[in-house]
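Report on one structure; see the data block that follows.
Please treat every number below as a calculation from the coordinates, not as lab data. Everything numeric in this text was worked out from a predicted model, so none of it was measured. Reconstructed Cβ throughout: ideal geometry from the backbone, glycine too, with neighbour counts over all protein chains shown.
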């Protein structure tokens with residue numbers, strides 16, 4: 001499926017600079033740099049769902065927003081179709097926004113409380129001149145509402161009159177009404193009840209089929225990612241540590257971080273076969289990332305070289321790659337722990 | 001379709017109605033609001049309410065006391081000033097000046113403050129630096145002295161008073177709007193609008209502004225009381241509206257010379273200032289409690 005990449009990200013880096021206060025600057029303190037996303041490269045094929053997984057604060061949402069230039073990337077390239085998104089002028093970028101959209105995590109914060117559903121969902125049509133007057137806009141919005149499972153009669157209501165799941169449907173309608181090709185789904189179900197999660201995931205899959213969409217699906221929930229992705233990328237402290245087809249990565253994870261994530265998924269079959277690989281400590285501060293392999297502070301397999309040199313990304317299977325010094329020599333961490 | 005539309009209107013109004021209900025339950029604030037409305041009516045219908053022509057001088061009635069004192073009569077209920085003009089009529093006409101200037105200054109200042117605050121808070125960067133420094137500098141000047149200086153430069157007159165007061169007044173709504181904008185711009189619905197390709201103008205005016213309007217309206221009403229006092233102060237100092245136009249501040253000043261023997265000349269316009277300003281303050285605090293949930297415990 002990677003033969004026809006729709007989105008190609010090359011060496012994307014996003015650095016935030018916290019400028020110190022005037023007093024601190026006078027005392028000679030230097031501005032702090034945080035590398036939220038560091039040298040990330042990947043591509044997403046047309047019609048594919050790439051799952052992006054990682055714990056809170058690893059930079060996965062920043063990556064999604066940097067691709068859409070909601071947060072301007074510090075360096076690197078984002079190519080979409082045959083356009084270089086990172087080099088587009090403001091009017092070109094505005095036109096491009098019609099083709100790439102985002103669905104947000106929090107359905108309460110992502111809808112303007114003072115605007116009606118009709119205004120919210122109709123906004124993309126207005127902005128890109130896709131409507132012929134108000135009546136035409138309302139008709140198109142009503143059709144879109146119907147597609148996402150809301151009633152056309154709810155068009156004049158305000159966001160606070162809907163439940164979380166319904167609000168997320170409004171957010172989806174807004175993202176899809178301009179007929180985009182690519183959607184960044186930024187944890188679209190994380191804030192919802194489990195029963196509602198399933199409905200929204202089904203809706204996203206149906207819409208993908210109907211509108212031939214491509215998703216970058218960001219989540220911290222392995223079961224969700226495993227259910228709907230074609231390929232998975234695992235992120236740790238702003239870097240992709242492992243990437244490959246979903247069956248391959250989830251069944252035979254090669255990076256110790258992915259293995260620890262997999263072992264943290266609770267199982268209900270009661271066989272107790274899953275051995276827990278517990279990580280020591282918290283995610284290190286991205287203000288002061290560890291040297292060498294960024295995972296070494298928490299890795300059960302870390303040796304000297306991990307502290308000194310950054311591992312290169314190696315191919316470990318068909319379309320499956322991982323970045324770890326100990327890929328070649330070690331047994332699976334899970335098997336090792338079982339002995 | 002009609003059923004749906006009715007539903008929507010009901011829902012849209014429900015929040016406003018709930019706030020209004022909370023406001024009316026606060027009896028002191030509601031009573032004050034009625035007082036303010038009465039003053040406004042008085043200003044609008046002054047020619048029909050006033051018992052006498054406020055500009056008609058009659059030296060036979062010079063410094064005539066109010067009706068309940070010896071020598072008072074119903075023709076001049078609150079007495080007459082040094083030129084024999086009816087004090088009650090002048091107070092009624094003076095409400096026009098106070099309320100008109102208060103409203104005009106707040107209107108100009110709030111409009112400018114909203115635009116500047118939105119630009120500073122949303123665009124950040126050098127726009128924010130320039131506007132915020134300007135605000136800091138203006139805040140450094142004592143308000144009245146600043147206004148006196150401007151009036152001395154521009155000369156007296158209704159338009160000049162409004163300008164002189166609005167020159168500095170806009171920093172108050174500006175700071176409120178900037179602070180609210182800084183918070184609101186980080187919300188996901190603003191990011192969503194950016195992701196859809198909305199312009200900065202659209203985001204500032206259509207996405208952010210409607211959501212920060214309640215605190216701005218509350219601040220505007222509170223500040224209106226201050227502006228009325230400032231106008232009275234300028235008129236008291238002779239830098240405001242020029243005689244013979246009736247202005248409460250100027251009336252207080254006129255009576256200074258006779259304060260011991262004819263206290264009513266200064267006192268009644270002073271009471272009018274006190275009543276209106278107090279009523280606006282109490283009503284606006286009630287508004288704040290009802291409309292801005294952050295201030296309610």
With everything on Cα atoms, drop me the angle between helix B:87-118 and the longest principal axis of chain B, reported from 0 to 90° to the nearest 10.
20 degrees
So if the hydrodynamic radius of the range A:180-296 is defined as the Kirkwood radius over C-alpha pairs, what does Stokes-Einstein give as its diffusion coefficient at 20 °C and 1.002 mPa s, in µm² per second?
133 µm²/s
Quick one: order A:71, A:160 by neighbouring beta-carbon count within 10 Å, fewest to most.
A:160, A:71
Tell me, B:182, A:12 in order of fewest to most beta-carbon neighbours within 10 Å?
B:182, A:12
For a quick check, take a GNM of chain A with Cα springs below 10 Å and name the residue from A:300, A:188, A:180 with the largest mean-square fluctuation.
A:300
Please compute the average number of Cβ atoms from other chains found within 10 Å of each residue's Cβ in peptide A:153-163.
4
Spatial separation of Cα centroids for the range A:151-194 and the range B:241-282, in angstrom:
60 Å
Contact order relative to length of the range B:21-295, as percent, for alpha carbon pairs under 8 angstrom and 6 or more apart
25 percent
Give the calculated FRET efficiency between residue B:256 and residue B:127 to the nearest 0.05, with a Förster radius of 56 Å applied to their Cβ-Cβ distance.
0.75
So what's the angle, to the nearest 10 degrees on a 0 to 90 scale, between helix B:158-169 and the longest Cα principal axis of chain B?
40 degrees
Report, in deg cm²/dmol and to the nearest 500, the calculated mean residue ellipticity at 222 nm for the protein assembly as shown, where each DSSP H run with n ≥ 4 adds -39500 (n - 2.57) and the sum is divided by the residue count.
-15500 deg cm²/dmol
Give the order of A:151, A:60 when sorted by the count of other beta carbons within 10 angstrom, beginning with the fewest.
A:151, A:60
Number of partner chain Cβ atoms within 10 Å, mean per residue of A:120-132
2
Name the shape class, rounded, prolate or oblate, that the alpha-carbon gyration tensor gives for the range A:81-192, where a ≥ b ≥ c are the square roots of its eigenvalues, rounded holds for a/c under 1.5, and otherwise prolate holds if a/b is larger than b/c and oblate otherwise.
oblate
How tilted is helix A:194-211 with respect to the longest principal axis of chain A? Cα atoms for both, answer in degrees (0 to 90, nearest 10).
70 degrees
How crowded by other chains is B:206-212, given as the mean number of beta carbons from other chains within 10 Å of each beta carbon?
3
Given the options B:180, B:207, B:169, which has the most mean-square fluctuation in a GNM of chain B, springs set between C-alpha atoms less than 10 angstrom apart?
B:207
Could you compute the FRET efficiency for residue B:21 and residue A:82, with r as their C-beta to C-beta distance and R0 at 56 Å, rounded to 0.05?
0.40
Pairwise Cα inverse-distance average, inverted: Kirkwood Rh of the protein assembly as shown (Å)
29.6 Å
Would you please give the FRET efficiency between residue B:53 and residue B:271, computed as 1/(1 + (r/R0)^6) with r the Cβ-Cβ distance and R0 = 25 Å, to the nearest 0.05?
0.65
Candidates B:274, B:234, B:165; GNM for chain B (alpha-carbon contacts under 10 Å) flags as most fluctuating B:274
Once normalised by the length of the range B:65-121, the mean sequence separation of its alpha carbon contacts under 8 Å that are 6 or more apart gives a contact order in percent of 16 percent
Residue B:137 versus residue A:305, label points 7 Å from Cα toward the beta carbon: distance in nm?
6.3 nm
Between rounded, prolate and oblate, where does the range B:21-295 land on the alpha carbon gyration tensor, with a ≥ b ≥ c its root eigenvalues, rounded for a/c under 1.5, else prolate if a/b exceeds b/c?
prolate
What is chain A's relative contact order, in percent, from Cα pairs under 8 angstrom and six or more apart in sequence?
18 percent
Linear extension gain, residue A:210 paired with residue A:25, 0.36 nm per residue minus alpha-carbon span:
61.1 nm
Could you bin all the Cα-Cα distances of the range B:25-88 into 5 Å bins starting at 0 and give me the percent of pairs in each, rounded to whole numbers?
4, 18, 19, 16, 14, 13, 9, 5, 2, 1, 0
Projected onto their principal axes, the Cα atoms of the range B:200-287 stretch, largest extent first, over whole-Å spans of 61, 28, 15
